[in-house]
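Every read-out reported here was derived from the displayed coordinates using simple, explicitly stated rules and does not represent laboratory data. It should be emphasised that the depicted structure is a prediction, and the values quoted were computed from it without experimental measurement. Using ideal geometry, Cβ is built from the backbone for each residue, glycine included, and neighbour counts are taken over all protein chains shown.
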Amino acid sequence: MKDFFLRNNDYHLWATNLLYRSIEGLSQENYKKDIGLYFKSIHGTLNHLLIVEKVWYTRLVGQVFVPNSLAEEVEENQIQLKEKLLNSIKVWDHWISNFDESSWQNMFRYRTMRGFEAELLFCDVVQHNMNHRTHHRGQISAAITQLGGTAPEIDYVYYLQTLGK
């Protein structure tokens, strides 16, 4: 499982870098424009990704980060948001690399943002995070196209082809 999650985390880094190349072709106005995404704009959606990455990661390492909302702006600056988001992916890589292989099927207990106790398998927590990333990258790709840009081809199979697999 560790290799699977490391490969998926690397895919996320690859896809996010490609996505940012397309985003950087947009004007600042379009980057922050409310175009009807759940988190309004491309910036709002990327900001949401950063929040969620931090919420789940801090839970896994026994810390607590509870934002006021999942739409709270934690980074206004586009360049700094990109750096923080890419760094968070690297932090996950380190955590996955050091996670005990025999513990993926163990239960992980945590408190939800609504204050309820919950539990999931460790592997399901990490898989949820991977799926969440993909979901929002898809929204951002559609937004880039809607704004007249060119969205990158970031399907998992394209990533695997870059590895020669």
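Relative contact order (percent) for segment 31-96, with alpha-carbon contacts under 8 angstrom and 6 or more residues of separation?
29 percent
Mind grabbing the base-10 log of I(q)/I(0) for segment 2-162 at q = 0.09, 0.12, 0.17 Å⁻¹? Debye formula, identical points on the C-alpha positions, no solvent, two decimal places.
Debye output, listed in q order: -0.30, -0.54, -1.05.
Taking 7 Å along the Cα-to-C-beta vector as the label spot, tell me the Arg109-Leu6 distance in nanometres, rounded to one decimal.
3.1 nm
Hey, with R₀ at 25 Å, roughly what FRET efficiency would His132 and Asp100 work out to, going by the Cβ-Cβ distance, to 0.05?
It comes to 0.60.
Rounded to the nearest 10 degrees, what's the angle between the helix 122-146 long axis and the longest principal axis of the chain, both from Cα atoms, 0 to 90?
Between the helix axis and the principal axis of the chain, the angle is about 0 degrees.
Angle check, please: helix 42-60 long axis (alpha carbons) against the longest principal axis of the chain (alpha carbons), in degrees 0 to 90, nearest 10.
10 degrees
Quote the relative contact order of the chain in percent (integer), defining contacts as alpha-carbon pairs under 8 Å separated by 6+ residues.
33 percent
Tell me, what HN-Hα J-couplings in whole Hz come from the Karplus equation 6.51 cos²θ - 1.76 cosθ + 1.60 at θ = phi - 60° for each residue of segment 65-80, using x for Gly and Pro?
9, 10, x, 5, 7, 6, 10, 4, 7, 9, 8, 7, 7, 4, 5, 5
Over all distinct Cα pairs, what is the inverse of the mean 1/r for segment 88-164, reported as the Kirkwood hydrodynamic radius in Å? Don't skip to the end; give the middle numbers.
Numbers: mean 1/r = 0.0655 Å⁻¹.
15.3 Å is the Kirkwood radius here.
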